[in-house]
Amino acid sequence: MNTGKGLCGLVAAALLCALAPATLQAAQTTIRMWTFFNPEGTTVREKALAKVIANFEAKNPDIRVRTEQQVWDQMTQKFLAASRAGKAPDVIWVNSDLLGTVIQANALADISGAFTPEDMKDLDNELVRSASDGGKVYGVGQSYMIFGLIARNKFLQEAGVDPEAIRTWDDLDAAAKKLTVGSGNDVRRWGLCQDLGMTKIDPGILLAHLLTGEGAPAFDKTGRAHWSDARGVAGIQRTARLIEAGSSPREGLNWTNDEMYDQFSAGRCAMITGASVRISGLQQATGDEDIIFIPYPSDTPGMPSRQAMSNWTTSVWEGSKNKDAAAKLVASMVSPEADEVWVTTGGTLPARTSTAAGLTDFLGQKSHRFMAAATEYIRTSGWVPPFGADISGYRDDMNRAIQQVVMNGAAPEKALQEAEQAYNARHGY
Amino acid sequence: MTTGAYPAANRRRTDYGMLYVAPTVLLLILLLYGPAVSGFWQSLFRLDGADAGAFVGLDVYGKVLAEPGFGKVVLSTTLFVVGSVIGTVGLGLAIALYVNSLEEATARILQIGVIIPWAISSVVGALLFRWFYMSDLGLFQGMLRGFGLPAFDPMSTQAGAMTALILSAVWKKLGFAVILLLSGLKAIPHDYYEAARIDGAGAFARFREITVPMLTGPLLISSVVLGIADLNTVELPLIVTGGGPLDSTTTVALSIYQKAFSQYDLQRAITLAIITFLVNIVLVGLYVRSVRGQSE
Amino acid sequence: MSAAMSRKLRSRLSLIAFSAFILIFNLGPILWGILGSLRPREEIMRFPPQPLPSSLSLEHYAAIAESGFLGAARNSLIYAAITVVVALVAGSIAAYALDRLRFAGKAVVMFLVIAGIPLASGAAALIVPSYLYMTSLGLSDTPWVLPLVYIAYNLPTAVWVLKGALGGLSRELDEAAAIDGAGRLRTLFEILLPLCKPAIGAAALFCFVGAWNEFVAGSVLVDNPDLRPVQVSIYQNMGYFGRDWGPLLAAATLAILPIIAAFLVFGRLLIAGLTKGAVKG
C-alpha cells in the first residue's frame, strides 16, 4: 500500500515537472531551423549565427529558435524527403545551386510579406532575383561567395608578380610559371593549383571560359548544357596547358577542393582556383592574413571573366505551421543589423548594398581586403543559373572532360560533347 | 545433425523456439528489413517532378542498368572487391599464422595493434589513410623523400588510384581478417600437429595437410564478410579517391551516393541501392553455405 | 647451442620487424592523426611534413569541448551501452533457440539473422528511404530511434557469435540441468552463458564498436542537437566551409579512447570468443 502511494506521488511529481515548462512555453512559438552551422560552435560564422539568433529572440520574446544542425551535403536531399513526409523544419537553408531543384519540388513558401520594397532594393542582386518569381520571394541569402583565384600575397611579392596585372589568360599562364618553385619531380611550390577531381570540386577555369564572351550561354533557360564550342575548347586547353607547363600539379586531377585548400595551407600552391568564402579559414590555417582574391582574367579587354556565384538562401517551408514567424526570422537574418554581424563577426560578404557602403573602413583592412574584392567581382561578373533550372552535378561532368583530355589525350571538343551529352541525358534533355 | 542427438528434449514444447526468437525477429523485421522493403516499394513510384507518386514499376531499373557508365562501375567494383578481399585475407593469414606462433602476452598486444584501424570510424580512417600515405603532406611520403626515393603520386593514374583504394580497404579491414583467422587457427587441436610431427611431416606438409583444410571455413567466411563490407563501403572511395580519375574508382556504393547527393537524382539512387541489395543477397547465399559448410 | 642461439636471435629479429610493420603500416596514419591534433593550427598541413610539432597545444581539445562534443560522446556511450545489453540478452535467447530447439520457421529465422549481417553494412545506401520509413513510424528524431536502429544493425552479429559458442557446449549440461529441475531460460542464463564468457565479450565488443562508430543513420535520423551521436559531431568539423583539421583530429582522437578501452577490457576474450568450440574442453 505504502509503496503504491509513494509511487503515485512520484508519478504525479514527474508529471508536474514535465508539465511546468510546457505551460510556461504555451504562449511561445518554436521555429525549427535546419542549417549546417552549429550555433554552439567555435568558428567565427557559428558565433555570428548565435549572435543573430540571440538578437532575434530578444526582439521577439514569443518566438524561440531551435537550430537543428545537419550534415551539409545531405541536408537538401533530406529536406526534400522531409517535406514529402510532412515533417520538414520551418526554416531551411538551401544552397543557391540547388534552389531550382527545391523550388521545382514546391517545397518553399512565398515570404515577400516580410520585406519592404526598400529592403528588397537594398538586398537586390542576381541571386535574390533568382529566388523570386512574379513578385513572390522564395528566400533571401547570406554567406555570399564567388569563385576566383586565391593567392598568398607573400609568394606573389617574392616572385615579383603584381596581382593587378593578371588581366588576360596569358598573363595568368606567365604568373603561374613565375610563381612555380622547382621543376619536374621536385616542385616545391606550384604557381596555380586546380581541383580537377570527380567529387566535391569547385568550378574553375573551364566554367569561366564558358560563361564569358560571345556565344550561347553554357546553360540555356531550362538548364540544358551547351559546352562543346570554341570557348569550351579554349578553357580545357588552358587548363591542360597549365599542367603540361608544370605550373599546375597533375595530382590535381584527383583532388577534391578540400585537398586543394590543404595544399594551399601547406604553402604548396601560390594560387588556387577557389571560393572566396574559404579565405578566412585559409588565413587561420596558414597564420597569414595577407591572402588575396583575384578575379578570373579574360580575353575581353577591361573585363574579368564571368564566374559562378552562390549563397545559402534562407527559406520557409511551404508546409510550415508558423509561416509568419518563420518569415520574420528569415527577414531578421538579413536585417541591416544582422548583416553587419555576419560581416564583422562572421567574415562573410555583405548581403546589403548599405552594409557594404557603411563598412568601407572595415573592408579596407589588409585581412578583409579579399571581401571587398570578392564583393566587387560578384557585382560586375557574378553568374547565377537561370531561375528554376536544375543544374546539379555539372561540375563532375566538366572535370570528366578535362581528365579525358589531359590523361587520354582526347580531343577537347569531343570530350566536351561527351560530357555535355552525359549531363543532358541525366537531366532528361 | 547435432540437434538430432537430443531429440526427446527438443520435441517437447516446440512452441518455445518461436517465442525465444520473437524479440530478435521483430527487431530485425521492423528496423532492418522494413526500410529495405519500403525502399523497394518507394522505388516503384516517381519520387519527384510534376508526376510525383505515379507508378513507374521497374522502368527506372532498366534505365539505371542501361546507363552508359554502368559497365565501368561494375568493373571497378569487381576489381576493388576482389582485390581488397585477396589482399586482406592473404595478408591477414600471414599475420595470423605468425601471431599464432608467438607467446600469449606478446600476441595479445600485437592483436590490438592490428585491429585498431578496423575499430575506428570509416570516415576518420579514410581521411587519415589518404593524408598519411597518399598525400605529399603526409609522413609516409615525407619519409620516402627523406630516404632519397622519388615522390610518387598514385592518384593521377587510373591503376594507381585503384591500387590506393584497395590498399586503403586492406589497411582498414586487415585486423578483422586476422581476428577471424586467428580464432580459426586456435580451434585446430594441437594433437593433430603433434601426430603429424611424429609421422615425420615437415612444417610445409603440416601447413598443407592440416592448417589449410581446417581453415577453409574461416577463410571462406572472412572472404564473404569482407567482400560484402567492401561492396557496401562508400566512405573509402568517397574520401580516398573520390571515384576518379575518369571514374576508375567509382564503385557502385559511391555511385549511389553521387546520384543521391551530387546529382540529386534520388530515384536512380534508390533503384541502384536496391539492385546492390539484391547482389548482397546473392553473396549472403554464398555466406550461408559457407557457414553451413563450416559447422559440419 | 649456437644453433639454438641463432634461432632465438632470428625469432627476436623477426618479432621486431613484425612489430615495426604493424606500428608503421597499421598504426602510422592513426598516430599521425593524434600528433596532428596536438599541433598549433598553422602547423597541421605543412610541406615538407614535420615529424614533430614545434610545440604541443591543447587548443583544439578546448574548442571541441565548448562546441557540444562531450554531450554527443555521452549520447553515444548511452546508445552503445543499450545496444550491447539488449543485443546480448535478446541475442543469447535467440541463439539458444536456434542452436538447441526445433521449431517451425527456424530455417527462415536463421536466414533473416545471417542475411542481416551484410544488410546492416549496406544500410547506408538506403538512408533516405529509411528516413521516410522511420518518419512514418513516428520514430525519427526521438531518443529511441538510434538505440533501436543500432540494436537491429548489431543483433545479427551477436546472435551469430553466441550461437557458435553455445554450439560448442555439450548437451549433457542441459540434460543435467533439466534433471535438477532447471527451466530452459535458467539453464541458459545460469549454466550455459557463464561458460561462454569469451563469446559474450566478443559479441559485446562488436556491438559496442558498431554502435559507437555508426555515422549515416546518426546523421539523418535525429535532428535534435541533444540526441546527436559522436560520429556526427566529429563529421561536423568537415563542413561546407572546409575541413577544420585541428578540432576534427582532436574529436577523432577522443573518439578512439573508448574503443581502445573496450579492447583492453574485452580484447582478451575476442579470439577465444570467436574460436568455435574452444570451450568444449
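The values are calculated or read from the model by the stated rules, or taken from the named source; none is laboratory data. Treat the numbers as computed from the prediction; the structure is a model and nothing was measured. Methodologically, a virtual Cβ is constructed for each residue, glycine included, from the backbone with ideal geometry; neighbour enumeration extends over all protein chains shown. The accessibility values were calculated without ligands, DNA or RNA, using every heavy atom of the protein model including side chains. Shrake-Rupley method; radii C 1.70, N 1.55, O 1.52, S 1.80 Å.
So the values come out like this:
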read-out: Single residue of region C:56-81 satisfying the filter (touching a Leu at 6+ places or on another chain (Cβ under 9 Å) and farther than 18 Å from C:Y235 by Cβ) that is farthest from the other protein chains (Cβ to nearest Cβ); value: C:L56
read-out: Residue list for region A:124-148, restricted to those being outside any loop (DSSP other than H, G, I, E, B), more than 27 Å from A:I294 (Cβ to Cβ) and of a type in the set (A, V, I, L, M); value: A:V137, A:V140
read-out: Number of the exception - B:A126 against (1) facing chain C (nearest Cβ under 9 Å); (2) hydrophobic (A, V, I, L, M, F, W, C); (3) part of a helix (DSSP H, G or I); value: (1)
read-out: Matching entry among A:A240, A:A285, A:A266 (being surrounded by fewer than 23 Cβ atoms within 10 Å (Cβ to Cβ), among the small types (G, A, S) and within 14 Å of chain C (Cβ to nearest Cβ)); value: A:A266
read-out: Scan of region A:375-411 for residues that are part of a helix (DSSP H, G or I), more than 14 Å from every other protein chain (Cβ to nearest Cβ) and touching a Leu at 6+ places or on another chain (Cβ under 6 Å), ordered by number; value: A:T375
read-out: Candidates A:T42, A:T23, A:T3, A:T30, filtered to the one that is modelled with pLDDT under 90, surrounded by fewer than 20 Cβ atoms within 10 Å (Cβ to Cβ), within 14 Å of chain C (Cβ to nearest Cβ) and more than 24 Å from C:A217 (Cβ to Cβ); value: A:T42
read-out: Helices (runs of 4 or more DSSP H) completely within region C:1-112 that count 2 or more residues being closer than 24 Å to C:G218 by Cβ; value: C:28-37, C:59-66, C:69-100
read-out: Set C:A94, C:A120, C:A124: member being touching a Pro at 6+ places or on another chain (Cβ under 8 Å), open to solvent by 10 Å² or more (accessible area, probe 1.4 Å), within 7 Å of another protein chain (Cβ to nearest Cβ) and touching a residue at least 12 places away in the same chain (Cβ under 8 Å); value: C:A120
read-out: Any pair with Cβ under 6 angstrom, 6 or more apart, that starts in region B:232-245 at a residue that is at pLDDT below 90 and ends at one that is polar (S, T, N, Q); value: B:G244/A:N254
read-out: Count of residues meeting criterion [open to solvent by 30 Å² or more (accessible area, probe 1.4 Å), farther than 16 Å from C:L227 by Cβ and in a helix (DSSP H, G or I)] in region C:133-156; value: 3
read-out: Residues located in region C:100-116, provided they are in contact with a Lys or Arg (Cβ under 9 Å, 6 or more places away or on another chain), crowded, with 20+ Cβ neighbours inside 10 Å and not hydrophobic (A, V, I, L, M, F, W, C); value: C:R100
read-out: Any chance B:S255 is without any contact (Cβ under 8 Å) to a residue 40 or more places away in the chain, within 14 Å of chain A (Cβ to nearest Cβ) and under 30 Å from A:L98 (Cα atoms); value: no
read-out: Of all residues in region A:177-216 being assigned to a helix (DSSP H, G or I) and surrounded by fewer than 24 Cβ atoms within 10 Å (Cβ to Cβ), the one that is nearest to the other protein chains (Cβ to nearest Cβ); value: A:L179
read-out: Failed criterion for B:G17 (all others in (1) more than 9 Å from chain C (Cβ to nearest Cβ); (2) surrounded by 17 or more Cβ atoms within 10 Å (Cβ to Cβ) hold); value: (1)
read-out: Options C:F263, C:F208: the member that is open to solvent by 30 Å² or more (accessible area, probe 1.4 Å) and either of a type in the set (F, W, Y) or modelled with pLDDT of 95 or more (or both); value: C:F208
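Here is a yes/no grid of residues against (1) among the small types (G, A, S); (2) open to solvent by 10 Å² or more (accessible area, probe 1.4 Å); (3) under 29 Å from B:S121 (Cβ atoms):
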residue: B:D199; (1), (2), (3): no, yes, no
residue: B:G202; (1), (2), (3): yes, yes, no
residue: B:M214; (1), (2), (3): no, yes, no
residue: B:P237; (1), (2), (3): no, no, yes
residue: B:V240; (1), (2), (3): no, no, yes
residue: B:V252; (1), (2), (3): no, yes, yes
residue: B:Y264; (1), (2), (3): no, yes, yes
residue: B:T271; (1), (2), (3): no, no, yes
residue: B:L283; (1), (2), (3): no, yes, yes
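Rundown of residues vs (1) at the interface with chain B (Cβ under 10 Å from one of its Cβ atoms); (2) modelled with pLDDT under 90; (3) surrounded by 18 or more Cβ atoms within 10 Å (Cβ to Cβ), yes/no style:
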residue: C:A176; (1), (2), (3): no, no, no
residue: C:A182; (1), (2), (3): no, yes, no
residue: C:L193; (1), (2), (3): no, no, yes
residue: C:P229; (1), (2), (3): no, no, yes
residue: C:S233; (1), (2), (3): no, no, yes
residue: C:M238; (1), (2), (3): yes, yes, yes
residue: C:I271; (1), (2), (3): yes, yes, yes
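To keep it simple, each residue is scored yes or no on (1) in contact with a Gly (Cβ under 7 Å, 6 or more places away or on another chain); (2) part of a helix (DSSP H, G or I); (3) within 29 Å of B:P68 (Cβ to Cβ); (4) more than 10 Å from every other protein chain (Cβ to nearest Cβ).
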residue	(1), (2), (3), (4)
B:A177	yes, yes, no, yes
B:I188	no, no, no, no
B:A195	no, yes, no, yes
B:G200	no, no, no, yes
B:T216	no, yes, no, yes
B:S248	no, no, yes, no
B:Q263	yes, no, yes, no
